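A quick write-up on the structure given underneath.
Read-outs: derived from the displayed coordinates by stated rules, not from any lab. The model shown is predicted, which means the values in this text are computed figures rather than measured ones. Positions of Cβ are generated from backbone atoms using ideal geometry, with glycine treated the same way; all protein chains shown enter the neighbour counts.
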Amino acid sequence: MGYFERMLLDNFNLFGFFILFSEIFVFLIVMLISISLVFRREKVDLKNFLTKLIFCILLLTITKLFLDKFFGVERPYIFYGYEVFRSVFPENKAFISGHSSFSMMLSLLSFSISPLIGYINLFLSILGGISRVIILLHWPRDVILGWWFGFLIFLISNFIFKSKK
């Protein structure tokens, strides 16, 4: 049994937490946005918000699929020979972290609802990206590029769909 497998068994609770958090942090961000929209006292331009959201999701998905297909590299767990993940995460190659880019884009969109929700979501996005690196699903470069792509797509959506003030 290798070092990583021993560490995994000795610290399974902590490692299990990172695996769980790295998969659900995006849903936490979506949940916070949804709750803040429901209980928001001030009026939010919901049509503009949803238009930006749909545009961002479509552009992000198309961009990620293209980049992964043509520029994808082996994931760290495959590079280091930890086959224990192959059954859980079957995709061999990735270029940008979809979780990181999607969460960054959602975090930035949520600032239009509430600055507090935006900062909380930004914090969750950063923690989620770090957890993707810790559990060897992505290289740090993948996560950082994911955050940049999320930011860039957010800027493009803001430029195209300017809100009326």
Order of 138, 99 - criterion: other Cβ atoms within 10 Å of each residue's Cβ, fewest first: 99, 138
Shape call, segment 25-67: gyration tensor on alpha carbons, a/c limit 1.5: oblate
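Apply the a/c threshold of 1.5 to the C-alpha gyration tensor of segment 103-165 and tell me whether it is rounded, prolate or oblate. Walk me through the numbers before you get to the answer.
Numbers: a/c = 4.89, a/b = 1.73, b/c = 2.83.
Taking the square roots of the gyration eigenvalues as a ≥ b ≥ c, segment 103-165 is oblate.
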C-alpha center-to-center spacing [segment 112-145, segment 52-73] in angstrom: 17
Straight-distance crosslink candidates among lysines, where the alpha carbon sits under 17 Å from residue 162 and sequence neighbours closer than 8 are dropped: 43, 47, 52
